[in-house]
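Taking it in order: structure first as C-alpha cells, then the write-up.
Computed from the coordinates by the stated procedures, all read-outs in this text should not be read as laboratory data. These figures come from a predicted structure and were not determined experimentally. We place every Cβ from the backbone using ideal geometry, glycine too, and count neighbours over all the protein chains shown.
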Amino acid sequence: MREIKNAEFGGGRPLCYAHDLVSEGCAFDTACDRVFGYSSLRADIRGFVTNIKNPMSGRIGADSIGPVTIDEDIKASAGCLIDGKGGRHEI
C-alpha cells in the first residue's frame with residue numbers, strides 16, 4: 001500500500017496507474033484532469049477535482065467533483081465509488 005498525505009498536484013493525468021494507493025488531504029490545481037486513471041485507491045481530496053477518468057476500484061471522495069469519464073478503454077472495473085458535492089457515482 002502506498003500513502004500520499006497533504007500533497008498538491010498539478011498537470012494532466014496525475015495519480016494514474018497506481019495500485020493500492022491511499023491519498024489523504026491532497027489537492028489538485030485546476031489544470032489537473034483525467035486523474036486516477038486505471039488506479040485502485042482510497043482517496044479523500046481537499047477541494048475540487050476537475051475530471052476523473054477510468055478509475056479501476058476503491059473510493060474517491062472530494063469536496064466537489066467535475067465530470068467522471070468512463071470509456072471503452074477501461075477493461076475490468078472492480079467497482080469504484082466516487083462521492084462529492086456534485087453527486088455520487090458507482091462504477
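For the chain, calculate the relative contact order in percent as a whole number, restricting contacts to Cα pairs under 8 Å that are 6 or more residues apart.
Values: 263 pairs, mean separation 18.7, N = 91.
In percent, rounded to a whole number, it is 21.
Run through region 18-91 and list the trypsin sites (Lys or Arg not before Pro) located in a DSSP loop whose Cβ has at most 14 other Cβ atoms within 10 Å. Intermediate values should be presented prior to the final figure.
Working: sites: Arg34, Arg42, Arg46, Lys53, Arg59, Lys75, Lys85, Arg88; in loops: Arg34, Lys75, Lys85.
Qualifying residues, ordered by number: Lys75, Lys85.
When N is the residue count of the chain, what does its C-alpha Rg come to as a fraction of 2.2 N^0.38 Å? Don't skip to the end; give the middle numbers.
Values: Rg = 11.4 Å, N = 91, 2.2 N^0.38 = 12.2 Å.
Ratio of Rg to 2.2 N^0.38 Å for the chain: 0.94.
Report for the chain the percent antiparallel among DSSP-assigned beta bridges with both residues inside it, nearest 5.
Values: 4 of 31 bridges.
The antiparallel fraction comes to roughly 15 percent.
Counting Lys +1, Arg +1, Asp -1, Glu -1, what net charge surrounds Val22 among other residues with beta carbon under 11 Å of its beta carbon? Each step should come with its number before you reach the end.
On the way: positive: Arg2, Lys5, Arg42, Arg59; negative: Glu3, Asp20, Glu24, Asp44.
Net charge in that neighbourhood comes out at 0.
Just to confirm a number: summing +1 for Lys and Arg and -1 for Asp and Glu over residues other than Asn51 whose beta-carbon lies under 11 angstrom from that of Asn51, what do you get?
Details: positive: Arg13, Arg34, Lys53; negative: Asp33.
Residues near Asn51 contribute +2 overall.
With just the Cα atoms defining each centre, how far is region 40-59 from region 1-24? Give it in Å.
Result: 9 Å between the Cα centres.
Pull up all non-local amide H partners of Thr69: gap of 5 or more, or a different chain, and H-to-H distance under 5 Å with H placed in the peptide plane.
For Thr69, the qualifying residues are Ile52, Lys53, Asn54.
Quick query: amide H of Ile60 versus all other amide H atoms, modeled in the peptide plane; which residues come in under 5 Å with a sequence gap of 5 or more or a different chain?
Ala43, Leu81, Ile82, Asp83
Taking the alpha-carbon distance from Lys85 and a cut-off under 19 Å, which lysines remain once sequence neighbours fewer than 8 residues away in the same chain are dropped?
Lys53
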